[in-house]
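What follows draws every value from the coordinates through simple rules; no lab data is involved. The structure displayed is predicted, hence computed values, not measured ones.
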Amino acid sequence: MVAWYLIVTSGLVTAAAIALATHLVGWRGLEFWSSAPVAGVLIVGWRAFANLAGLNADFLPALSAGDLGCLIAGSVAPLCVAAANKSLPARWVPAIVGGLAGFGVNVLIL
């Protein structure tokens, strides 16, 4: 069972990484607000579910189904924004950063 403060921390760190990526590529307003905070909430929600469903057991050293789900949870919100607005600059960068940050943070701290 993963401590709740670690779950919240992983959501905040992932959201911060996406926020930085969206700022650097020039996403503003609705694009930002519908990617960074939503991804943080999705990470927390997925990790809470993984905790309750017992998906935190490692099947490889330091790798669990909960960690892999964070790869998707961290990238899905900015990915949806990028898919919906083809005129965004560097539109795939926040999704890639979100997936890698969500996965990396969860492997490292959880």
How high is the relative contact order of the chain, given as a whole-number percent (alpha carbon pairs under 8 Å, six or more residues apart)?
-> 35
Out of [x] 41, 24, 19; [y] 37, 30, 26; [z] 48, 31, 23, which label holds the value of Cα extents along the principal axes in Å that was computed here?
-> [x]
Max mean-square fluctuation residue, GNM over the chain, Cα-Cα springs under 10 Å, options GLY66, GLY54, GLY45 | GLY54
